[in-house]
Amino acid sequence: MAAHFVLYVADQRASAAFYARALGLEPRLDVPGMTEFDLGDGAVLGLMPEAGIRRLLGARLPDPARARGVPRAELYLVVGDADACHRRALAAGAVELSAPAARDWGHRVGYCLDPDAHVLAFASAAASLA
């Protein structure tokens, strides 16, 4: 099974540029209406304009733009070096919520906000904490 996580964004170009810098990855797909990043192990991050999902699914879908600025999702990425990834996201324009720290569930995790107020977390597995 492959997992695709799609974030609804206000400005696809700006969000694609942010995630390319924050993740240190180039998009695997970048066309009007969708940008995708391969996260490995079958996981894909998609960025879709808010207006695009409304056109696709219709008026019964609550308008994502009405929740702009309110965290609507968290992308929790387990990486080799949470500190370095967190710093890279901040350099790309993320807003820091919590610096990387050891958490009681066995990860070292830092939290920040992307340009659309989605929570972006970089975690290092407990085995990587030594």
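Please specify each residue of region 98-116 satisfying the condition of being more than 11 Å from L75 (Cα to Cα) and in a loop (DSSP other than H, G, I, E, B).
R103, D104, W105, G106, H107, P115, D116
If D81 passes every condition in (1) exposed (fewer than 15 other Cβ atoms within 10 Å of the Cβ); (2) at pLDDT 95 or above; (3) touching a strand residue (DSSP E or B) at 6+ places or on another chain (Cβ under 6 Å) but one, which one does it miss?
D81 satisfies every listed condition except (3).
Go through region 84-107 residue by residue and tally those that are loosely packed, with under 14 Cβ neighbours inside 10 Å, under 17 Å from H118 (Cβ atoms) and out of contact with any Cys (no Cβ under 7 Å at 6 or more places or on another chain).
Residues flagged as loosely packed, with under 14 Cβ neighbours inside 10 Å, under 17 Å from H118 (Cβ atoms) and out of contact with any Cys (no Cβ under 7 Å at 6 or more places or on another chain) within region 84-107 amount to 1.
On the basis of being touching a residue at least 12 places away in the same chain (Cβ under 8 Å), in a strand (DSSP E or B) and either closer than 18 Å to R13 by Cα or of a type in the set (K, R) (or both), does G93 make the cut? Write out each step before concluding.
Details: touching a residue at least 12 places away in the same chain (Cβ under 8 Å): yes; in a strand (DSSP E or B): no; either closer than 18 Å to R13 by Cα or of a type in the set (K, R) (or both): yes.
Considered against the rule, which asks whether it is touching a residue at least 12 places away in the same chain (Cβ under 8 Å), in a strand (DSSP E or B) and either closer than 18 Å to R13 by Cα or of a type in the set (K, R) (or both), G93 comes out as no.
Counting only residues that are closer than 22 Å to A117 by Cβ, more than 14 Å from the chain's Cα centre (by Cα) and of a type in the set (D, E, K, R), which one in region 32-54 is modelled with the highest pLDDT?
Per the stated criteria, the residue is E50.
Kindly list, by first and then second residue, each pair from a residue in region 17-36 that is within 12 Å of A94 (Cα to Cα) to a residue that is of a type in the set (D, E) and not in a helix (DSSP H, G or I), limited to pairs with Cβ atoms under 7 Å and residues at least 6 apart or on different chains.
If the second residue must be of a type in the set (D, E) and not in a helix (DSSP H, G or I), the pairs left are F18/D114.
Looking at (1) in contact with a helix residue (DSSP H, G or I) (Cβ under 9 Å, 6 or more places away or on another chain); (2) within 25 Å of S124 (Cβ to Cβ), which is the only condition Y76 fails?
(1)
The values are calculated or read from the model by the stated rules, or taken from the named source; none is laboratory data. Small disclaimer: the values here were computed from a predicted structure and weren't measured. Cβ sites come from the backbone with ideal geometry, for glycine too, and all protein chains shown count toward neighbours.
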